[in-house]
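Notes follow once the structure below has been shown.
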Amino acid sequence: MADIDLSTFVLALLAGSIRVGTPFLFVSLGECLTEKSGRINLGLEGILVAGAMSGYAVACMSGSAWLGVGAAAGVGLLLGLLHGVACSLPRVNDIAFGIALILLGTGLAFFLGKAFIQPQAPMLPSLALGAWSTAERVRSALNINVLFFVGVALAFVLHWGLRSTRWGLMLRLVGDHAESAQALGYRPLRVRIVATAIGGALAGIGGAYLSLYYPGSWNEGLSSGQGLMAVALVIFARWRPLACLWASLLFGAAGAIGPALQAVGISSGYYLFAAAPYALTLVVMYATCRRGRTLGGAPGELSLTR
Amino acid sequence: MNASRTLRRLAGALLPGLPTLLAVLSSCVLFVLFLAVQGKPAWQALQLVGEGAFGSWFALENTLQRSAPLMLTALCVALPARAGLIIIGGEGALVLGGLAAAVTPLALPHLAPWLMLGCMGIAAMLTGALWIGLSGWMRQRRGVNETISSLLLSYIALALFRQLVEGPLRDPASLNKPSTRPLDDAYLIGTISDSFEVHWGLVAGVIACVLAYVLVRHSVKGFALAVVGGNVRAALMIGLPVDRLILLSCLLGGAAAGLAGMFEVTAVQGSANAALIAGYGTSGILVAFAARHHPLAIIACAVLLGGLEASGGLLQRRLGLPDATTLILEGLLFTNLLLWEALGGRLAAWRLKLAQPPVTLEKGALQHG
Amino acid sequence: MSNVDRRNFIKLASIIGLGAALPLSRAWSADAPLVVGFIYVGARDDFGYNQAHAQAAAIIKTLPNVKVIEEENVPETVAVQKTMEAMIRQDGATLLFPTSFGYFDPHVVKVAKKYPDVRFAHCGGLWQKDRDPMNAGSFFGYIDEAQYLNGVVAGHMSQSKKLGFIAAKPVPQVLRNLNAFAMGARSVDPGIVTTVIFTGDWSLPVKEAEAANSLIDQGCDVLTCHVDGPKVIVETAEKRGAMTCGYHASQAALAPKGYLTGAEWNWETPYRAHVAAIQSGAPMINFLRGGLKEGFVKTSPYGPAVNAPAKQQADAIKAQMLAGSFVIFKGPLKDNKGSVVIADGVAQTQTDIALESMNYLVEGVIGQI
């Protein structure tokens, strides 16, 4: 085994958790918003991929990565809107529609993205927080993408907003008890549609991060279930935006730890490492749920928890 | 008048199928529009889909072969759905079931083929049942949401499968394609006949769906499941063993998925390896929801999906369209199928209207109070 | 709920399909060109494995009286069997190139037995004389020769004396490349170490990017890989200022500064051989292998960063390989745990069967399998 420089390892792990965790952050924040309003959107996987492809394509064609992010958000918004409107119709099961949306989103992304597998798009900028260091690895570890900071800010905004603003209260009420919301004059369906659309936009941005920064390339294997994982992540974080932030970093670390360990010579059971976040979520769910109370903190109107 | 009454009766009978028909039509229209807008030969594409799915005996075989595993994995969703659960972890049950079937001959002494296949089937079904049953058990014991837990268990199952196939259960001779030890030729399942080149998994799928139908629609247990699925409180009130019924539905669903895995291993692959992870579980979810969890409709929907998959090759080779075209068509079809469900509520009203004979007032009838 | 409408649709579709199926007869006319089918397991333009095949297929397209049909993203399940049959029955293909390793057993074998008049040239080197049908064959290239040269150049250019290798799975073909790379580097300086990271599957972009970053964090300044699509690794390395050696196809366009050289396939050679054989009526070539000398593999042109001593040594060794006088795997050779894997005086030439079941990491490689 090579000299295990502990500080390097920890630093690499931290950098890795931020790198791998940023898409989780965006998608989970979006899903958090959606689920807080009482709807579940499993189609995020498809929206993520569609956002990744459209972001990459627009960035290629326009030469600007940020325009790509905007396009990805737009595509995510549209698909989220589709999901929101469809699930507002009577008798449409939101879990089933979400899965159908995965198929549609992925199909569209792969179809239209064939032309963009080869070209290289401009990448999103990152902040060189480690410029003070002379060690290349420290500098690159602290080379954090701008979107990560946007995501962190978003988590705080959502946290504050859900707690202290009128729209936050309205959203929570619609998600917990639609009848009361209606009695107060709010329109639950409309609120949910908007929340789902915004959730989709955020997921699209998460996808754009994958293709425009890390791994920074468009191909058909880009997503490995991150969209679906984000749904589990939101439950793991009990629908709290700040907890989503920590959970994203945790899941990011779980994704980064396998290669990091192998780089220092520990390489066995890497499949099991990959499954660690799922097992962890399951264990936490099992340990914290109680029969009858289901998941504490769950929005009352969420079809998952009824 | 007799003609108008039969017409109304006919319309009333066909009405339940209206959302499906509209969905198919609208997805075809959207598909054609999508391709036409890009300057691709849209109309030919649609024709090729029909041709590739059902246009020749070979196409039919192709379609049926691909739909065989989907019937079983759809049952994995439909049976628990009867009891009110939404399970989406069929993929995990399938691969673990396939693995169990592949390693059973290693654990048992040499047996007659029929016997060994039976044991493999039982092993596969038990493993699948246990895996999905775990989701159901966690739900009943602790209220853990079964959709999420079955999804997580599916991911864990895939990781476990890969670890085992490339590690302890690996056949040392399977050098560049890690697999379990290949099955003896005697234990492989062949095609139904030389002129019908589809393996017996299709028959198993159809039989399983028919059995499920009988269970669900015509048995007391099935009715009990429906009560549990419809209103748990009512079920509890009348004293039904809710926990056990829910667990039963999960066990049966998991067994179906495990059986699908066994057929994949014995009839297609010959051993358990990474090629077993082919998305059959996910497709099964779609088939189940499209069929509204009705076991007989699952057969039709599975064939439909198999047909779409089968036609993909023609689209690639004849028109140079990318393989993702099939994905788009499937996505359009299933989103439309689910969307037109919204009509369902109106259907009941329309049906009533059609069933009533038209009121013909005689002249002056109203004036008589 | 009635299923009548779904069945109606199927009937309607088959009528449309049958009608459209009629013009197919033109594929069977007497003076039809040779129809060659290519089947890819992934996307054609992945800057990697499949692209190498597609590039060679594009050359075959230009040959006179040859028609090429292609299908991509065909998984290693019953789908590839049906794809091959569809190419034969619907398009009249008589020479097929299933390009993914996992297609051979059981899929190519099954279909080859069913169509004895069609030739199946599989890429991967698995065909065995007394076991597999005579109309099937396999071809493969000794790309480890090019990886050895990669290692030589990397060994010269590395400042930190640490190299990184990102591999998919620890299977013999991958290990052979890894060991050749490490040995090439150590022939320049025995103190050079190569760290290997296994991602677990042939195409996992996020894991590959993470692996690249981890290796660079640990001080490796030259990376190479054996995954299906090296694009992500090459781009990640370029962003961090590390050098890369390419694999499968040339990724020089992706890394204008850091690309040293690369190990590329030259599938044009075996493809032309097979096409020529069938066009001239010669028997099926069952076993086709070659390295640099036979033109099955090639090296990328040197990048701008490569210095003169590196070019000199690499060219010298390449000349020896072209003359057939260079042996990579010869004794005494130890693995990274200290045991002897090739005894002193033993030389395993490229065709040696022992190399096909390689299961060790040579001295100087950090990692375990």
Practice prompt. Place +1 on the Cβ of every Lys and Arg and -1 on the Cβ of every Asp and Glu in the protein assembly as shown, take the dipole about the Cα centre, and give the residue among C:A282, A:S7, C:Q368 whose Cα lies farthest towards its positive end.
Written response: A:S7
Discussion item. Given an 8 Å cut-off on Cα distances and at least 6 residues of separation, report the relative contact order of segment C:241-330 as a percent.
Written reply: 28
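Averaged over its residues, how many other protein chain Cβ atoms are within 10 Å of peptide A:113-123's Cβ atoms?
Values: counts 3, 8, 2, 1, 8, 7, 1, 4, 0, 0, 2.
Per residue, the average neighbour count from other chains is 3.
Please sort C:336-344, A:18-26 by packing, taking for each peptide the average over its residues of neighbouring beta carbons within 10 angstrom, highest first. Show your work: numbers first, answer last.
Details: C:336-344: 13.0, A:18-26: 28.4.
Ranking the peptides C:336-344, A:18-26 by packing returns A:18-26, C:336-344.
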Worksheet item: Treating the beta-carbon of each Lys and Arg as +1 and of each Asp and Glu as -1, no other charges, what is the dipole magnitude of chain B about its Cα centre, to the nearest 20 debye?
Response: 1420
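First check a/c for segment A:1-144, with a ≥ b ≥ c the square roots of the eigenvalues of its C-alpha gyration tensor; if it is under 1.5, answer rounded, and if not, answer prolate when a/b is larger than b/c or oblate otherwise.
Details: a/c = 2.62, a/b = 1.72, b/c = 1.52.
Verdict is prolate for segment A:1-144.
If you take every DSSP beta bridge whose two residues both sit in the protein assembly as shown, what share of them, in percent to the nearest 5, is antiparallel?
Rounded to the nearest five, the antiparallel share is 25 percent.
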Practice prompt. Could you work out the mean count of beta carbons from other protein chains within 10 Å of each residue's beta carbon in C:80-92?
Written response: 5
Worksheet item: If Lys and Arg each add +1 and Asp and Glu each add -1, what is the summed charge of the other residues whose beta carbon sits under 13 Å from the beta carbon of A:V234?
Response: +2
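What helices does chain B hold that run 20 Å or longer along their axis, going by alpha-carbon atoms, with a Kyte-Doolittle average of 0.0 or more, using DSSP H for the helix calls? Don't skip to the answer; put the middle values down first.
On the way: long enough: B:18-37 (28 Å, 2.56); B:57-82 (36 Å, 0.67); B:90-107 (25 Å, 1.40); B:113-142 (43 Å, 0.62); B:146-166 (29 Å, 1.10); B:201-218 (24 Å, 1.94); B:242-263 (32 Å, 1.61); B:295-319 (35 Å, 1.18); B:324-340 (24 Å, 1.49).
Taking the DSSP H segments of chain B (at least 20 Å long, mean hydropathy at least 0.0), we get B:18-37, B:57-82, B:90-107, B:113-142, B:146-166, B:201-218, B:242-263, B:295-319, B:324-340.
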Practice prompt. Can you tell me the order of A:155-166, A:276-287, B:266-277 when each peptide is scored by its average per-residue count of other Cβ atoms within 10 angstrom, highest first?
Written response: B:266-277, A:276-287, A:155-166
Practice prompt. Among B:A68, B:A297, B:A267, flag the residue with its Cα farthest along the positive direction of the charge dipole of chain B, charges on Cβ as +1 for Lys/Arg and -1 for Asp/Glu.
Written response: B:A297
Worksheet item: Computed FRET efficiency, Cβ-Cβ of A:V150 and B:N2, R0 56 Å: what is it to the nearest 0.05?
Response: 0.20
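Arrange the peptides A:127-134, B:147-154, A:190-197, A:57-64 so that the one whose residues have, on average, the most other Cβ atoms within 10 Å appears first.
Values: A:127-134: 12.4, B:147-154: 26.5, A:190-197: 22.8, A:57-64: 18.6.
Highest mean packing first, the order is B:147-154, A:190-197, A:57-64, A:127-134.
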Worksheet entry | Among the listed pairs C:K257/C:K311; C:K169/C:K334; A:K114/C:K162; C:K162/C:K334; C:K67/C:K293; B:K177/C:K337, those beyond 27 Å (Cα-Cα) | A:K114/C:K162; C:K67/C:K293
Discussion item. Testing the spin-label approximation: label points 7 Å from Cα along Cα→Cβ at B:F196 and A:R290. State their distance in nm.
Written reply: 5.8
Practice prompt. Treating only the Cβ atoms of Lys and Arg (+1) and Asp and Glu (-1) as charged, compute the dipole magnitude of segment B:1-124 about its Cα centre; round to the nearest 20 debye.
Written response: 560
Worksheet entry | Residue exposure sequence - A:C32, B:C209, C:C225 - by fewest surrounding Cβ within 10 Å | B:C209, A:C32, C:C225
Worksheet item: Which angle between 0 and 90 degrees, to the nearest 10, do you get for helix A:6-36 versus the longest principal axis of chain A when only C-alpha atoms count?
Response: 20
Worksheet item: Per residue of C:227-239, what is the mean number of Cβ atoms on other protein chains within 10 angstrom of that residue's Cβ?
Response: 3
Worksheet entry | Euclidean distance of C-alpha centroids, segment A:57-95 and segment C:94-124, integer Å | 42
Fill in: Only Lys, Arg (+1) and Asp, Glu (-1) charged, at Cβ; segment A:141-272 dipole about Cα centre in debye
480
Worksheet item: Can you give the net charge of the other residues whose Cβ lies under 15 Å from the Cβ of C:H156, counting K and R as +1 and D and E as -1?
Response: +2
Worksheet item: For segment B:3-48 and segment B:114-142, what is the separation of their C-alpha centers, rounded to whole Å?
Response: 40
Practice prompt. Towards the positive end of the charge dipole of chain B, with charges on Cβ (+1 Lys, Arg; -1 Asp, Glu), say which of B:S283, B:L153, B:A23 has the farthest Cα.
Written response: B:A23
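Coordinate-derived values only; no laboratory data. None of these values were measured; they are calculated from a predicted model. All Cβ positions, even for glycine, are placed from backbone atoms using ideal geometry, and neighbour counts span all protein chains on display.
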